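Notes follow the structure.
Quick note: the coordinates plus some simple rules give every number you see, no bench work behind them. Just so we're clear, the structure is a prediction, and the values are computed from it rather than from any experiment. With ideal geometry, Cβ positions are generated from the backbone for all residues, glycine too; neighbour counts draw on all protein chains shown.
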Amino acid sequence: MELRHLRYFQAVAEELSYSKAARRLCIAQPALSRAVQEMESELGALLFDRGGRAIRLTPAGDVLLRDTALLFERLDEMVRRVRRTAAGEEGELRLGYIGPPTRGFLGPLLKTYRKRHPKVTVVLEERTPERVAEMVSKGRLSIGLTRPVLAADSLGLKSMTLWEEPFAALVAADHPFAGTHALVWQDLADQPLILLARREGAGSHDTILAACEEAGFSPKIVHSPSVIGTVLQYVEAGAGIGVVPASVLPQSPLVHLLPLEPVRGVPLVMVWAEEGNDPAVTAFRDLVSQWLSEGRLQAKG
């Protein structure tokens, strides 16, 4: 089996059409069909269900498609590294991050880093906290700026806490609470609440539940989406009150952000793999540590 066979399969699997895949690959459709059949024969498994009017992936084909995407991602990464080495560049920093809490410092931090290490290629990827941790553990990211997640220990990640960020209540502009300056946790009793899913930030989720318990009530959670933007959408739609980190500063006039008292916080952490001793990565960690000691890292919009 050659790489071209996998590219042929990937095109057919994504298009679910031999004719469209053939046009995309600029090859004859019979040759494409033959190549896929050769793959199926070599693998001893049918990759497509051709029984209906449209073809569909079989379970075996679905597995191959996912693994093929990973293979080509790693292949592309290898090619980039070879080209950087040939060009005399000094490494790569692949930084995963979550948006709102890094908004106030990440740009200036990276500008300083690039001045100190101009030959290092910096690649940025904004992801959910769980995805950042997973990608760092697999070596697909060099380092992450994220929230603590359930799997961190099992993934073997090292971490450094940058700060504790307070929670706030996100309410619709027409909500009775919108005219107040702050809320206490007890105000959320019997209110429909919208929290980020626990799998995307166990520390955050559990801290909110503990704060509600300390205030004497069990929260009425109506939605637990995977990304913070969806929390904002639910609040705008009047589905309930969001409990979010204070760095979530909505631009929409349809929602208001109110401090919650007493203050309860969620950490922002820097994570890296135990074997993450690449000079470019070490230099970034050192810079973050310096800025932290100088008080230059702040949770602000």
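I want to verify a result. In a Gaussian network model of the chain, Cα cutoff 10 Å, which of these has the top mean-square fluctuation: Arg116, Arg50, Arg147?
Arg50
Could you order peptides 131-137, 176-182 by the average number of other Cβ atoms within 10 Å of their residues, highest first? Could the numbers behind the result be given before it?
Numbers: 131-137: 22.0, 176-182: 11.1.
So the order, starting with the most tightly packed, is 131-137, 176-182.
Using amide H atoms built 1.01 Å from N in the peptide plane, name the residues 5+ places from Val122, or on other chains, whose amide H lies under 5 Å from its own.
Leu93
Scan around Ala173 for amide H atoms under 5 Å from its own, H built in the peptide plane at 1.01 Å from N, and keep only partners 5 or more places away or cross-chain.
Excluding prolines and chain starts, which carry no amide H, the hits are Val255, His256.
With springs only between Cα atoms under 10 Å apart, run a GNM on the chain and tell me which of Ser224, Ser252, Ser41 wobbles the most.
Most flexible of the set in this elastic network: Ser41.
Mind listing the phi-derived Karplus ³J(HN,Hα) values for the stretch 28-33, rounded to whole Hz, using 6.51, -1.76 and 1.60 with θ = phi - 60°, and x for any glycine or proline?
Rounded to whole hertz, the list is 6, 4, x, 5, 5, 4.
Per residue of the stretch 110-123, what does 6.51 cos²θ - 1.76 cosθ + 1.60 with θ = phi - 60° give for ³J(HN,Hα)? Whole Hz please, x for Gly and Pro, Karplus curve as stated.
Using θ = phi - 60°, the values come out as 5, 5, 5, 4, 5, 5, 6, 9, x, 8, 8, 7, 9, 10 Hz.
For the stretch 30-152, give me the percentage of DSSP beta bridges that are antiparallel, rounded to the nearest 5 percent.
In the stretch 30-152, approximately 20 percent of DSSP beta bridges are antiparallel ones.
Given the stretch 160-258 reduced to its alpha-carbon atoms as identical point scatterers, what log10 I(q)/I(0) does the Debye formula return at q = 0.12, 0.14, 0.17, 0.20 Å⁻¹?
Values, matching the q order: -0.34, -0.47, -0.70, -0.99.
Taking the Cα centre of the stretch 19-170 as the origin, how large is its charge dipole in debye, to the nearest 20, when only Lys and Arg (+1) and Asp and Glu (-1) carry charge on their Cβ atoms?
Charge dipole, the stretch 19-170, about its Cα centre: 680 debye, nearest 20.
So for the chain: antiparallel DSSP bridges make up what percent, rounded to the nearest 5?
Close to 60 percent.
With +1 assigned to the C-beta of every Lys and Arg and -1 to the C-beta of every Asp and Glu, and no other charges, what is the dipole magnitude of the chain about the Cα centre in debye, to the nearest 20?
1240
Using only the Cα atoms of the stretch 1-57, build the gyration tensor, take square roots of its eigenvalues as a ≥ b ≥ c, and label the shape rounded, prolate or oblate: rounded if a/c is under 1.5, else prolate if a/b is larger than b/c, else oblate.
Note, shape of the stretch 1-57 comes out oblate.
If you restrict to DSSP beta bridges whose two residues both lie in the stretch 148-301, what percentage is antiparallel, to the nearest 5?
70
Taking the alpha-carbon set of the stretch 141-205, what are its Rg and Dmax in Å?
Spelled out, the Cα radius of gyration and Dmax of the stretch 141-205 are 16.1, 46 Å.
Going by amide H atoms built from the backbone, whose H comes under 5 Å of the H on Glu165, apart from near neighbours?
HN-HN under 5 Å from Glu165: Val266, Leu268.
Can you work out the Karplus-derived ³J(HN,Hα) for every residue in the stretch 128-140? Use 6.51 cos²θ - 1.76 cosθ + 1.60 with θ = phi - 60°, whole Hz, and x for glycine or proline.
Working through the residues one at a time gives 6, x, 4, 5, 4, 4, 4, 5, 5, 5, 8, x, 7 Hz.
Relative to the longest principal axis of the C-alpha atoms of the chain, give the angle of the C-alpha long axis of helix 59-86, reported between 0 and 90° and rounded to the nearest 10°.
Around 80 degrees separate the two axes.
Taking every pair of distinct Cα atoms and averaging 1/r, then inverting, what Kirkwood hydrodynamic radius in Å comes out for the stretch 1-139?
After inverting the mean inverse Cα-Cα distance, the result is 18.2 Å.
In the Gaussian network model of the chain, springs joining C-alpha atoms below 10 Å, which of Lys111, Lys20, Lys138 carries the largest mean-square fluctuation?
Lys20
Which angle from 0 to 90°, rounded to the nearest 10, does the C-alpha axis of helix 202-214 make with the longest principal axis of the chain?
Between helix and principal axis, roughly 30 degrees.
Can you list the equivalent-ellipsoid semi-axes of the chain, largest first and in whole Å, using the square root of 5 times each Cα gyration tensor eigenvalue?
Working through the eigenvalues yields semi-axes of 43, 29, 16 Å.
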